[in-house]
Amino acid sequence: MNRKEQLRKISITEQFDLCIIGGGATGAGIALDASLRGLKVLLIDKNDFAGQTTSKSTKLIHGGVRYLEQAVKKLDWEQYKMVQKSLHERDTLIKNAPHLTRPLALLTPCYTWIEGIYLTIGLKLYEWIAGNHGIGASKWLSRKEALKTIPELKKENLTSAVLYYDGQLDDARYCLAILQKAETLGATILNYAEAIRFEKDSLGKLTELHFKDTLNGETFSVQSKVFINATGPFADHVRKMANPKLKPRMKVSRGAHIVLPASLMKNETAILVPKTDDGRVLFIIPWQDHLLVGTTDEEDKLSENPDLEQYEIPYLLSYVNRYLEKEVSPSEITSGFAGQRPLLGKAEKSSDTKSLVRDHEVEIDKNSQLVSIMGGKWTTYRLMAKDTIDQIYEHLWQQNPVACTSDYQLLHGAEGYCFEDWEKLSAQYQVSPAIAQHLMKKYGVFAEKVLKLTDNQPELKGLIHPNHPFIKAEIVYVIQEEMAMTSKDILDRRLGLALRDAKVAKDSEEMVESFLALNREI
């Protein structure tokens, strides 16, 4: 994707069918779904793609063990259906981008026999609900088997464990792959484009949006048949911009994570802490040569830049030390981050709202006809997009929806992907197996395109830092091909280095800025 080309497409398009505000997973999913249905699409984001909630998740693709427990305890059919749909989507997400996902084994340690029986039944039910979309069989493990699976587990009072499977994803790059696929199908995609104000017709319906290019201050206006608000926790801001009479709907839940060295747990199996002392669910997960620990879950004030708070570190570390034999100290933390998840309050009576599933909702404002997609979670992004487009066809255009085909659409980098191709790349371009494997997992079939940049510039094979497999050619590639405009775009999201090792990322900023100065095109 090239930003100048996207701006050119905006300048020559008289009217879009859809203008999507928000470039996270949900907005990206809508852009892809709509493009597959033949619609003319524009997507803008105030900052970078996946810059907020989308890139600050626990990196899991899951049905929701916690939701299933609530569904059973409260006999809640809606919660049950949400788990069922999420487990179906889990399978779809993995199949559509195998380079950015993987099945993940999770072990839940048990410290009483009753706990072991309870969790075994619950996770067998979880597996049963997945049906044909299951990605691995759950099973009860003896104490000996549990310690063989994760030798670092704390042994005291351990009686058994239960093993089950969910999925893991590279969230920021998965979102980018969705957007890249949409762009190849004709969608116009633009980051650093802030929505400023709407224009309306005599009946109050939205007809035009003014937005500002925040990189150079230039302003633009675009006309669209429908405007979609896919801004996650920030949805109320756009809703009020479209109709000041609308009452706030959004609440935010804060999720904090810390990152630790992989040496603390040398295997590919994660730990699920099913219930903390204050009733939360926590994970200790092998992730990109590190351990990811999170998430917290508590009410928070809306913020564009939520930071990891000091009080969250001992909370998260306390559970690491409760479940691992070796004591882990704060000095071993390599990075940390916090994100905010959008939660829905009650619908106001004056809005034309249809609740599709408990976890997300499509709201169509009667006056402005702004379409807002609110709530939801990463795993159901595709369903949220489908529901949004279906509702536009049915309620705004009074048509039967064109069929949705996003469920079997391979994303950017997945077409013809075979992980074993790393061997060919390693031999052909004379890079280490670790580098070749890393590139395959980040870029899929476009890993070779990254390495081709080194043909005439062999110095681009050099590592950004000796402790990590990232090479300098990646910096050039994401600037030229993935609309990375700032060092944070590159280090936080395109490469993800900052989420693994904050100090190395900080030390690399000057070098990244020098590449930006040479290659960036605004």
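The values are calculated or read from the model by the stated rules, or taken from the named source; none is laboratory data. Note that the structure is a prediction, hence the values are computed from the model and not measured. Neighbour counts are summed over all protein chains in view; Cβ atoms, including those assigned to glycine, are modelled from backbone coordinates with ideal geometry. Please note that ligands, DNA and RNA were not included when accessible areas were found on the heavy atoms of the full protein model with its side chains. Shrake-Rupley method; radii C 1.70, N 1.55, O 1.52, S 1.80 Å.
Can you confirm whether LEU451 is part of a helix (DSSP H, G or I), of a type outside the set (Phe, Trp, Tyr) and modelled with pLDDT under 95? Judged against the criteria, LEU451 is not a match. Pairing residues of segment 431-453 that are touching a residue at least 24 places away in the same chain (Cβ under 8 Å) with residues that are of a type in the set (Lys, Arg) and assigned to a helix (DSSP H, G or I), at Cβ distances under 7 Å and at least 6 apart in sequence or on separate chains, gives VAL431/LYS461; LYS442/ARG173. The residues in segment 292-324 that are over 18 Å from the mean Cα position of the chain (by Cα) and in a strand (DSSP E or B) can be counted, and the count is 4.
Candidates LEU176, LEU169: the one that is within 29 Å of LYS488 (Cβ to Cβ), at pLDDT 95 or above and in contact with a Phe, Trp or Tyr (Cβ under 7 Å, 6 or more places away or on another chain) is LEU176. Here THR454 meets each of (1) among the polar types (S, T, N, Q); (2) within 25 Å of LYS56 (Cβ to Cβ); (3) buried (at least 18 other Cβ atoms within 10 Å of the Cβ) with one exception, condition (2).
Restrict the check to segment 218-238 and report whether at least one residue is part of a loop (DSSP other than H, G, I, E, B), touching a residue at least 24 places away in the same chain (Cβ under 8 Å) and buried (at least 19 other Cβ atoms within 10 Å of the Cβ).
Yes, there is a match, as at least one residue in segment 218-238 is part of a loop (DSSP other than H, G, I, E, B), touching a residue at least 24 places away in the same chain (Cβ under 8 Å) and buried (at least 19 other Cβ atoms within 10 Å of the Cβ).
Return the residues of segment 70-93 that are buried (at least 20 other Cβ atoms within 10 Å of the Cβ), modelled with pLDDT under 95 and closer than 22 Å to GLY294 by Cβ; say none if nothing qualifies. Matches in segment 70-93: MET82, VAL83, SER86, LEU87, GLU89, ARG90. Here GLU415 fulfils each of the conditions (1) free of Cβ contacts under 8 Å to residues at least 24 places away in the same chain; (2) open to solvent by 10 Å² or more (accessible area, probe 1.4 Å) apart from (1).
Which one is surrounded by the fewest Cβ atoms within 10 Å (Cβ to Cβ) among residues in segment 361-391 that are closer than 21 Å to SER35 by Cβ and among the basic types (Lys, Arg)? That would be LYS386. Condition test on LEU39, is it assigned to a loop (DSSP other than H, G, I, E, B) and either crowded, with 20+ Cβ neighbours inside 10 Å or modelled with pLDDT of 95 or more (or both)? Answer is yes for this residue.
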